[in-house]
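Step one of this worksheet: look at the structure below.
Each reported figure results from applying straightforward, stated rules to the coordinates on display, with no laboratory input. Note that the structure is a prediction, hence the values are computed from the model and not measured. Positions of Cβ are generated from backbone atoms using ideal geometry, with glycine treated the same way; all protein chains shown enter the neighbour counts.
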Amino acid sequence: MSDSKQTLPPQHQDRRPGLETAMHPAPAYRAEDYKAAGKLKGKVALITGADSGIGRAVAVTFAKEGADIVLLYLNEHEDAEKTRKEIEGLGRRCLSFAGDVAGAEFCGKVIEETRSTFGRLDVLVNNAGEQHPQKRLEDITEEQWERTFRTNIFAMFQLTKAALPAMKQGGTIINTTSITAYKGNPILLDYSSTKGAITSFTRSLALNLAPRGIRVNAVAPGPIWTPLIPSTFDEEQVATFGANTAMGRPGQPEELAPAYVYLACDDSSYVSGQVIHVNGGSVVNG
């Protein structure tokens, strides 16, 4: 093991995407001490990658604030079902869809059913993503490069394009970028590149949609304990995950959710084209 202090039990999942049900300790997503204030009452939010991790925490916290939720995920049915039950247990309605958000047909179907069920869409959270660590550029295949871009940025384009006709003035779009877009990561070349693209997409789309009264912002997480980590890093990397932050630990999904609430609600009515950094103390200018 490296000289970095251990922050988590060593573990690895061979399955991709990873499963939250197989993680130990389980990521914290409920934000038990969170004080809701009805900031999203009557609104409908669509969240990708909402079966687990950051997406689950955002979905549950949005539901606490009064929003009905549309969950999108790939194929992690057990995790997604748990998230759905959490939302309905909070008294909110929930739709869930399994599929590839990079597909235009799937995105169109999701938006059509969202409008049919709820009659509106107020908040879009583009959160789904994947990563494939490689130590050398030469080890990244063209297939891997294209797949990472397809999932992380092409899907964001497809779903946003499909969703915009359903969104009216006052709507908000929140994209999940990453600290890697600003700091880089030597073993996440393709992933970091997509996150840089997401940051630029966020800024440009904010300018594009401002005349329509739709705000666009992003959240840039640092190292957060989600299924992406044990399913893509080896046991040693997992054991010291987050140790190099100023706080000396990884963040929990519940620690990001309030940033998404802020950007989704009217508290941020004069905020667009911005990125909120939730990263355990790393100073980022940009």
Spatially proximal lysines relative to K41 (Cα-Cα < 27 Å; intrachain offsets below 8 disregarded): K64, K82, K85, K109, K161, K168
Sequence ranges 4-10, 108-114, ranked by mean other-Cβ count within 10 angstrom, highest first: 108-114, 4-10
Amide hydrogen neighbours beyond the local backbone of L95, cut-off 5 Å, H modeled: I69, V70, L71
Interchain or long-range residues, amide H under 5 Å from Q274's placed H: A218
Per-peptide average of other Cβ atoms within 10 Å, ordering 156-168, 25-37 highest first: 156-168, 25-37
Simple spin-label estimate for Y262 and E142 in nanometres, 7 Å along Cα-Cβ: 4.4 nm
Zone residues, segment 254-281, relative to A246, backbone N less than 15 Å from point 7 Å out along Cα-to-Cβ: 277-281
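Enumerate the helices in the chain for which the Kyte-Doolittle hydropathy averages 0.0 or more and the C-alpha atoms extend at least 15 Å along the helix's axis, using complete DSSP H runs.
The qualifying helices are 53-64, 189-209.
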Listed peptides 138-149, 52-63 by packing density, highest first (mean Cβ within 10 Å): 52-63, 138-149
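Just to confirm the filter: which chymotrypsin sites (Phe, Trp or Tyr not before Pro) across segment 188-286 are DSSP coil and have at most 10 other Cβ within 10 angstrom of their Cβ?
Y270
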Cα-based shape type of segment 183-286, given that a ≥ b ≥ c are square roots of the gyration tensor eigenvalues and the cut on a/c is 1.5: prolate
For the chain, projected area of the alpha-carbon convex hull averaged over all directions, nm²: 14.0 nm²
Computed helical MRE - 222 nm, the chain, DSSP H runs ≥ 4 contributing -39500 (n - 2.57), nearest 500: -10500 deg cm²/dmol
Candidate lysines for bridging to K135, where Cα separation is under 28 Å - those fewer than 8 sequence places away on the same chain excluded: K5, K183, K195
